[in-house]
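Okay, so here's the structure we're looking at.
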Amino acid sequence: MGFDFDTPVDRRGTNSLKWDVKENELPMWVADMDFETAPEIQEAIAARAAHGVYGYSVLPEAWYQAYIDWWESRHGFAIQKDWMIFCTGVVAAISSIVRKLTTPAEKVLIQTPVYNIFFNSIFNNGRVVQESPLLYDGTDYQIDFEDLENKLADPQTTLMILCNPHNPIGKIWDRETLARIGDLCKKHHVVVISDEIHCDLTAPSRDYIPFASVSETCRENSITCIAPTKTFNLAGLHTSAVVIPNEVLRHKVWRGLNTDEVAEPNAFAVDATIAAFTKGAPWLDALRVYIQENKETVTQYVAEYIPGVHVVPSEATYLLWLDCSEWLDSMIKGKTGLWDGSEWNIAQYIRNKTGLYLSSGNQYGGNGERFLRMNLACPKTNVLEGLKRLEDALAM
């Protein structure tokens, strides 16, 4: 079956966070897609809407089984029903877990540059961000394990949020790396939250490895957050699952989610999730090919037409991480006083000059101030238009 990812969908006037911008602006920032979700999901939502009564919902057996079967068949990880708790979203789950498993002024470790909302989940709850910056060699990122262990060994560090795959750099962590993280966290009594919301958005030939599947150590010392929302463009439905094999940890998280009142599904979350994981595979596989083609288009175009910018290789997500260091250094050298090395100036400069709206790299921490994040989950015409605007903005 063919799927149409080329035809633009007009999202203006729909209360879209992404598209609530000026008429001349092209938003390629926040991580939602400009594609209609899978037809089967649309049909399930329409059928639920047609019922006309939207009262309180419960989780049927089919909801649990949809997750269990998907992770077994797609990722080789056997999830048990008793391990699962519904939550209204991955961010809601992370914030609740931070509140429940840590105390004010304790440290939560993150590997930067990383999803910016992790900072909010830590700061807003009175905890302290413990950054362990990733190592960047000018081409790709790796974990600085010496720094990671030093930060984990801090007695005030009691929780780590792992991004697997990693947003914004598009990295899939391999089994050896995940096992090493798991061993270090156990050694230093640090619990791991593994945010795996981007796990199904890998390159067509690639798969990710669930953190809890790597070893008994990883399984018993971790909390995994998963959802159909990024994969199938359902963020507005507010649905996710938290998977916790360890019974003691699971009880604590269950208490936290219920205390925070984020463990009750809305009327559409259940049916949409079941449809996604039982019928959405063909749509997703076609989407992955399309996104990979968009990534290749950007990589080739930047290399040929936009000097001073390097595209960091991306194995997962529909995002690209653009290294603008050489371009920025040239601007600083040529126009002393105009540029101060802040990435925010790059993003704002591009938006002011061309209307192209990209995410500012400095909000992701680490070395992000010299980077931009570009969302490629859109028709190829938008990608090409965005590239032309980027080229015009950064012309030397």
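Kirkwood Rh over alpha-carbon pairs of the stretch 1-159, then Stokes-Einstein at 25 °C and 0.890 mPa s: what D in µm² s⁻¹, rounded to an integer? The estimated diffusion coefficient comes to 121 µm²/s.
Over the stretch 277-396, Cα pairs under 8 Å with separation of 6+ residues give a relative contact order of 25 percent.
Can you give me the % of accessible surface on the chain that is carbon or sulfur? Probe 1.4 Å, all protein chains present, nothing else counted. Using a 1.4 Å probe with all protein chains present, the chain comes out at 50 percent carbon and sulfur. Averaged per residue, the stretch 29-90 has 49 square angstrom of accessible surface, using a 1.4 angstrom probe with ligands and nucleic acids left out. Note: relative contact order over the chain, using C-alpha pairs below 8 Å and six or more positions apart, is 24 percent.
Pick out, from T299, V30, Q142, the residue whose Cα sits farthest towards the positive end of the charge dipole of the chain, with +1 on the Cβ of Lys and Arg and -1 on the Cβ of Asp and Glu. Toward the positive end, the furthest listed residue is V30.
As I understand it, the dipole of the chain uses +1 on the Cβ of Lys and Arg and -1 on the Cβ of Asp and Glu, about the Cα centre. Which of W254, H198, A227 lies farthest toward its positive end? My answer, from the dipole projection, is W254. Per residue, the stretch 202-289 exposes 37 Å² of accessible surface when a 1.4 Å probe is rolled over the protein heavy atoms with every protein chain present. By a 1.4 Å probe calculation restricted to protein chains, E391 has an accessible surface near 50 Å², given to the nearest 10. Selection among I97, F277, S132 by position relative to the dipole of the chain gives I97 as farthest towards the positive end (Cβ unit charges, Cα centre).
When you count the other C-beta atoms within 10 angstrom of each residue and take the mean per peptide, 315-325, 203-213 line up highest first as 315-325, 203-213. Oblate is the label for the stretch 209-264, because a/c, from the alpha-carbon gyration tensor with a ≥ b ≥ c as root eigenvalues, is 1.5 or above and a/b does not exceed b/c.
Of the three principal axes defined by the Cα atoms of the chain, the extents in descending order read 60, 54, 36 Å. What number in nm² do you get for the stretch 101-196 if you take the convex hull of its Cα atoms and divide its surface by four? Hull-based average projected area comes out at 5.7 nm². Only the Cβ atoms of Lys and Arg (+1) and of Asp and Glu (-1) were treated as charged; on that basis the dipole of the chain about its Cα centre amounts to roughly 720 debye. Per residue, the stretch 347-396 exposes an accessible area of 35 Å² to a 1.4 Å probe, with every protein chain left in place.
Does the stretch 171-215 come out rounded, prolate or oblate by the C-alpha gyration tensor, with a ≥ b ≥ c the root eigenvalues, rounded set by a/c under 1.5 and, if not, prolate when a/b is larger than b/c and oblate if not? Because a/c hits 1.5 or more and a/b exceeds b/c, the stretch 171-215 counts as prolate.
Overall, the stretch 1-136 carries a charge dipole of about 740 debye about its Cα centre when +1 sits on the Cβ of Lys and Arg and -1 on the Cβ of Asp and Glu, all other atoms neutral.
Largest to smallest in accessible area, the residues K295, K353 fall in the order K353, K295 (1.4 Å probe, all protein chains included).
Annotation: D183 carries an accessible surface of approximately 90 Å², with a 1.4 Å probe and no ligand, DNA or RNA atoms counted. Counting only DSSP H runs of at least 4 residues, each contributing -39500 (n - 2.57), and dividing by the residue count of the chain, the helix-based mean residue ellipticity at 222 nm comes to -12500 deg cm²/dmol. When +1 charges are put on Lys and Arg Cβ atoms and -1 charges on Asp and Glu Cβ atoms, the dipole computed for the stretch 1-73 relative to its Cα centre reaches about 340 debye.
The values are calculated or read from the model by the stated rules, or taken from the named source; none is laboratory data. Worth saying up front: this structure is predicted, and the values here are computed from it rather than measured. Here Cβ is always computed from backbone atoms with ideal geometry, including for glycine, and neighbour counts include all displayed protein chains. When the accessible area is computed, the model is the full protein with side chains, heavy atoms only, and any ligands, DNA or RNA have been set aside. Shrake-Rupley method; radii C 1.70, N 1.55, O 1.52, S 1.80 Å.
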